[in-house]
Amino acid sequence: MAREAGKLNHLNRFLNSAKIQGILEFWMNEYGGAKSGSTSKQAFYELTKGVINEFKGIYIHPDLVHFVAEWCSVKYAFYVKDIMDSIDKKVHEKLDEEELEDTVENAKPLFEEEVGKMCEKQLEHERELCYGYRDSPYELDQWEQENLKREFREYELAKIALEAAEKKLKAWGCFVQKYCE
């Protein structure tokens with residue numbers, strides 16, 4: 001993500017900044033199952049050796065991707081701002097309707113309700129997009145599962161055949177080379 005945004009060189013500076021360190025500390029305590037001696041390094045994984053260049057880089061825990069994406073893209077940050085503002089507006093309207101005091105205890109259930117509605121709408125929208133193609137973007141139906149299993153078996157058999165051919169080639173390699181010349 002940082003590579004695509006042209007900010008790969010600045011990523012280490014961002015990851016070591018006080019802001020992200022505060023976010024990591026909170027995440028480790030609240031969501032990361034922090035134990036004594038745990039570090040923020042559990043939130044990142046650097047992949048550098050033994051893979052093609054396309055996959056090399058720093059990988060971050062899915063809970064924290066939002067913060068890096070926000071840092072990479074101003075457009076994304078404003079999309080998030082608009083979403084949060086609309087949720088806040090709806091929560092305050094409900095608080096006013098029900099004549100409740102504007103406190104965290106009163107707002108939290110309303111906030112969760114609004115977010116739940118948004119998630120339902122998004123899932124409904126995704127289902128509509130999948131109409132005629134798939135029943136669900138998250139589940140495979142019976143035939144898709146059977147096809148996947150069949151293709152996996154075929155792949156495993158092809159892999160075994162390739163390994164056998166490679167063994168034969170190693171054993172007969174010098175003769176094959178002479179025969180082909």
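The values are calculated or read from the model by the stated rules, or taken from the named source; none is laboratory data. Please read these numbers as outputs of a predicted model, since none were measured by experiment. Please note: Cβ atoms are built from the backbone with ideal geometry, for glycine as well, and neighbour counts cover all protein chains shown.
Which residues, taken from the stretch 62-90, are β-branched (Val, Ile, Thr), closer than 30 Å to residue 11 by Cα and surrounded by 11 or more Cβ atoms within 10 Å (Cβ to Cβ)?
65, 68, 80, 83
From 128, 112, 98, 93, which residue is at pLDDT below 80, exposed (fewer than 13 other Cβ atoms within 10 Å of the Cβ) and either farther than 30 Å from residue 10 by Cβ or under 22 Å from the mean Cα position of the chain (by Cα) (or both)?
So the residue among 128, 112, 98, 93 that is at pLDDT below 80, exposed (fewer than 13 other Cβ atoms within 10 Å of the Cβ) and either farther than 30 Å from residue 10 by Cβ or under 22 Å from the mean Cα position of the chain (by Cα) (or both) is 128.
Out of everything in the stretch 76-128 that is among the polar types (S, T, N, Q) and assigned to a helix (DSSP H, G or I), what residue ends up being farthest from residue 140 (Cα to Cα)? Steps first, answer last, please.
Our first condition is that a residue be among the polar types (S, T, N, Q); within the stretch 76-128, this holds for 86, 103, 106, 122.
Cutting the leftovers down to assigned to a helix (DSSP H, G or I) gives us 86, 106, 122.
On the way: 86: 34, 106: 40, 122: 19 Å.
Result: 106.
With respect to residue 47, determine if the residue is among the hydrophobic types (A, V, I, L, M, F, W, C), out of contact with any Cys (no Cβ under 6 Å at 6 or more places or on another chain) and modelled with pLDDT under 70.
Yes: the conditions hold for residue 47.
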